[in-house]
Amino acid sequence: MHQRPIGTATRGTTNPNRLRRMDRWIAATHGPALRRSDAPVAVDLGYGAAPWTAVELLERLRTAEPRTAVVGVEIDPARVAAAQPYEREGLTFVHGGFEVPTSVRPVLIRAANVLRQYDEGEVAEVWQRLCARLAPGGLLVEGTCDEIGRRHVWVALGPEGPRTVTFATRLGSLERPSDLAERLPKALIHRNVPGEPVHAFLRDLDRAWATASPYASLGARQRWIAAVRAVSADWPLTDGVRRWRQGEITVRWSALRPVAG
C-alpha cells in the first residue's frame with residue numbers, strides 16, 4: 001500500500017537561479033561526500049510549481065561529482081506531473097513529502113522555503129525525520145531565501161543534528177547584515193530578539209559592518225571580508241576568506257542555538 005506523503009503543500013513559488021547561492025555552497029562544501037558515495041543521490045524536497053530548482057541543482061552538483069543524480073520530491077501530484085516532461089538522465093520527479101520516497105538513501109536533501117509555513121515547534125521533528133533518511137555522511141540543508149535569491153540563510157544538518165548556519169547575500173544590495181534576518185529559517189526567525197544568540201550575532205555583525213565602512217571605497221566585498229574577520233574573534237566561524245568573498249558567513253549551530261523555552 002502506498003504511504004500517504006507526510007507534510008503539506010507549499011505555495012510553490014519558484015524562479016530560475018533562486019537557489020544559486022545555496023547550490024554553490026553545497027557543491028563546494030559537500031562535493032567530497034558526493035565523490036565518496038557509491039550512489040550520489042540528491043533530493044530537491046518541495047521544488048514547487050516549476051522544476052527549475054531541481055534542474056539547476058543537478059547541473060551545479062555535477063560540477064562537483066558528474067555521477068550525481070537528483071530526485072525532485074513534491075507533495076502536490078499535479079506539480080510532479082508538470083515536471084516529469086523535464087526528466088532526463090540523472091533527473092527524476094516523484095510524489096512524496098518528508099518521508100523522502102527514494103530507493104536509496106540520499107547523500108543530500110535540500111529543503112528550501114519548505115518549512116516557512118510550519119510552526120517553530122514542528123521544525124525539530126521534521127529535521128529528525130529528514131536526517132534519518134540520509135545516507136552515512138549525508139547532509140540536510142534547510143533554509144529560506146527571497147524571491148530572486150539575493151538573501152539566503154540556511155542550516156546544515158548531519159544525521160546527528162544541526163551543525164552550522166550560513167548567511168549568504170549579494171553584497172551589492174546589502175545595506176546592513178541584519179537585513180538577512182527576514183530570511184532566517186523557521187527555527188530561528190522568531191528568535192531574533194534581545195537575549196537570543198542569533199540576535200546578538202546579527203548585532204555584532206552590523207557593528208563590524210559599520211566599523212568597516214572605510215573599506216567601502218574598495219568595494220562591498222572588501223568591506224564584508226573586513227567585517228566578517230572582525231566577528232570571527234568572538235564567534236565560531238567554520239569558513240574562511242574563500243567563502244567570505246562569495247558574500248557568505250557560516251557559524252556553528254551551537255553558538256546560535258535558540259535559548260530553551
Find the relative contact order for the chain and round it to a whole percent, using C-alpha pairs within less than 8 Å whose residues are 6+ positions apart.
15
So, with points 7 Å from each Cα along the Cβ direction, the residue 132-residue 255 label distance in nm works out to 3.2
Quote the charge dipole size of the chain about the Cα centre in Debye, to the nearest 20; the model charges only the Cβ of Lys and Arg (+1) and of Asp and Glu (-1).
720
Nothing charged except the Cβ atoms of Lys and Arg (+1) and of Asp and Glu (-1): what's the magnitude of the dipole of segment 103-142 about its Cα centre? Round to the nearest 20 debye.
300
Of the options 246, 202, 82, report the single residue whose Cα projects farthest towards the positive end of the charge dipole of the chain (beta-carbon charges: Lys, Arg +1; Asp, Glu -1).
246
For the chain, using Cα atoms only, the Rg and Dmax in Å read 18.1, 64
How do 89, 59, 147, 65 rank by accessible surface area computed with a 1.4 Å probe, from largest to smallest?
89, 59, 147, 65
Lys/Arg Cβ at +1, Asp/Glu Cβ at -1, dipole of segment 1-105 taken about the Cα centre: which of 30, 51, 66 is farthest positive-ward?
30
Calculate the dipole size of segment 143-261 relative to its Cα centre from +1 charges on Lys and Arg beta carbons and -1 charges on Asp and Glu beta carbons; express the result in debye to the nearest 20.
260
Take every DSSP beta bridge with both residues inside segment 50-149 and express the antiparallel ones as a percent of the total, to the nearest 5.
10
Calculated FRET efficiency for the pair residue 170/residue 99, C-beta based, R₀ 41 Å, to 0.05
0.70
Segment 126-166 - percent of accessible surface contributed by carbon and sulfur, probe 1.4 Å:
55
Rounded, prolate or oblate (a/c below 1.5 giving rounded, otherwise prolate when a/b exceeds b/c) for segment 1-127 by Cα gyration tensor
rounded
Along the charge dipole of the chain, pointing to its positive end and built from +1/-1 on Cβ of Lys, Arg, Asp and Glu, which listed residue (236, 111, 148) has its Cα farthest out?
236
Taking a label point 7 Å from the Cα of residue 124 along Cα-to-Cβ, the residues of segment 188-226 whose backbone nitrogen sits under 16 Å from it are 188-191
Chain lengthening between residue 193 and residue 216 when straightened (0.36 nm per residue, less Cα-Cα):
5.4 nm
Per residue, how much accessible surface does segment 80-140 expose to a 1.4 Å probe? Answer in Å², no decimals.
45
Rounded to the nearest 0.05, what FRET efficiency is calculated for residue 17 and residue 203 with R0 set to 30 Å and r the Cβ-Cβ distance?
0.45
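The values are calculated or read from the model by the stated rules, or taken from the named source; none is laboratory data. Just so it is clear, the structure is predicted and the values come from calculations on it, not from any experiment. Virtual Cβ from ideal backbone geometry, glycine too; neighbours counted across all protein chains shown. Please note that ligands, DNA and RNA were not included when accessible areas were found on the heavy atoms of the full protein model with its side chains. Shrake-Rupley method; radii C 1.70, N 1.55, O 1.52, S 1.80 Å.
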